[in-house]
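Reviewing the structure listed below.
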């Protein structure tokens, strides 16, 4: 399945640009004077490093590239004493500005330097052309040996009299959030919801979305979900009508990233999928609140207004300097049907089906159905999964529906369940080998009284003496029927 996703060609947005704009796409802000030449420098550096694997030392192709790199640096260093470039995760950064954002080139270069434990490279005024050549030719001096650490690499360059290039070790810049895994998840979720609200308010006033603010949040979600998917899924399962647009955006992003990680989708795509998912409904900020929150059925005129939100959201994203193809497509097309019929916005052209769009669509449907709103009766997770299963092949991608159901399980994380013995608990984690028997925390005893002591039960554990399960789920409990705050139990 992962290979299928990796080989899928992304759609061209050129026709979508034409349909949604008048032919011109506004751009926010202007690049600082140093960014453009630095991006050219990085492009040439990557090319030079790759070329040394193909050509012998002293080859004209490498030497000419190194000479042009030196010219760029020399020009920049006339205005400042040093130029420092940082490598963090999959990004190349200069003074907080992303260089060649979301490009394969940036990711490749960043990974190469981090493999050598290099978190920052600084070029000093006075650098010589031969120092650039030494850097390039020495980079792969140990061949494919992954043990070319910063210490060894620095020693090699010192022996070549490279004094105008300095390296700093790769360090973990993010502060660890104290607390349990659920505390961490709740803090990420709460701060993320607040950030999305702030971005939305800015979008209303400026008619543009600051993707640069959103990306770090998406990366935090990816990092957390990669280590512990259950905690964030638990938090996202605690539905709230308050700030629905923003909590829904977070939930859809968490579900979309969880499914992507479950499918082993290329990590390079995760940031784009997450960005599109978390902003998929951003166009609703321009829909009148009386339509968004109308308790009854929308009129034909109101429905036409509502259907404008994907196009409005995509327009705003296209105005961002950090806009990339896949997030715009997700925002624009998340209400298209798998059969490409009856969805919206209507288009004049035929498009190839894109699995990443349909992946987000499934997560959008599931969260919308399991959240109580004035115009929508809440569905229990099992009911929502059943409806989604019925939609497979027409509205939703059947293959993705299958894997979504496998990931969620019959008792999704955060589900309240009543045991045959009478206790009520909340599902904290699934057992991959037996999804019908998750791990739960008991909240109410068999008499309906709150349980003060923490009692964790793994429903997959058997009583060996009798060769039977001591605990089994009798039914799912509607969370709207309980009178306590489930947050307290996570």
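The values are calculated or read from the model by the stated rules, or taken from the named source; none is laboratory data. Bear in mind the structure is a predicted one, so any value in this text is a computation, not a measurement. Every residue, glycine among them, receives a Cβ derived from its backbone with ideal geometry; neighbour counts consider all protein chains shown.
Quick look at the numbers
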| read-out | value |
| --- | --- |
| Subset of the stretch 295-306 (residues that are in contact with a helix residue (DSSP H, G or I) (Cβ under 7 Å, 6 or more places away or on another chain) and at pLDDT below 90) | 298 |
| Some residue of the stretch 472-483 being under 22 Å from residue 186 (Cβ atoms) and modelled with pLDDT of 85 or more | yes |
| Helices (runs of 4 or more DSSP H) completely within the stretch 1-67 that count 2 or more residues being at pLDDT below 50 and at negative phi | 2-7, 14-20 |
| Some residue of the stretch 190-199 being loosely packed, with under 15 Cβ neighbours inside 10 Å and either touching a helix residue (DSSP H, G or I) at 6+ places or on another chain (Cβ under 7 Å) or modelled with pLDDT under 85 (or both) | no |
| Conditions (1) more than 26 Å from residue 480 (Cβ to Cβ); (2) at pLDDT below 90: number failed by residue 238 | (1) |
| Conditions (1) in contact with a strand residue (DSSP E or B) (Cβ under 8 Å, 6 or more places away or on another chain); (2) surrounded by fewer than 19 Cβ atoms within 10 Å (Cβ to Cβ); (3) in a helix (DSSP H, G or I): number failed by residue 302 | (1) |
| Residues within the stretch 266-295 that are surrounded by fewer than 21 Cβ atoms within 10 Å (Cβ to Cβ) and assigned to a loop (DSSP other than H, G, I, E, B), tallied | 6 |
| Residue list for the stretch 443-484, filter: out of contact with any helix residue (DSSP H, G or I) (no Cβ under 9 Å at 6 or more places or on another chain), within 23 Å of residue 237 (Cα to Cα) and in a strand (DSSP E or B) | 444, 450, 456, 457, 458, 473, 474, 475, 477 |
| Search result, residues across the stretch 392-439 that are over 30 Å from residue 338 (Cβ atoms), out of contact with any helix residue (DSSP H, G or I) (no Cβ under 9 Å at 6 or more places or on another chain) and at pLDDT below 90 | 431, 433, 434 |
| Residues within the stretch 241-263 that are closer than 22 Å to residue 88 by Cα and surrounded by fewer than 24 Cβ atoms within 10 Å (Cβ to Cβ), tallied | 1 |
| Residue match in the stretch 100-114 (condition: under 37 Å from the mean Cα position of the chain (by Cα), closer than 19 Å to residue 33 by Cβ and in contact (Cβ under 8 Å) with a residue 40 or more places away in the chain) | yes |
| Which listed residue is touching a helix residue (DSSP H, G or I) at 6+ places or on another chain (Cβ under 9 Å), surrounded by 21 or more Cβ atoms within 10 Å (Cβ to Cβ) and touching a residue at least 24 places away in the same chain (Cβ under 8 Å), from 309, 335 | 309 |
| Matching entry among 226, 258 (being without any contact (Cβ under 8 Å) to a residue 60 or more places away in the chain, within 23 Å of residue 403 (Cα to Cα) and touching a helix residue (DSSP H, G or I) at 6+ places or on another chain (Cβ under 7 Å)) | 226 |
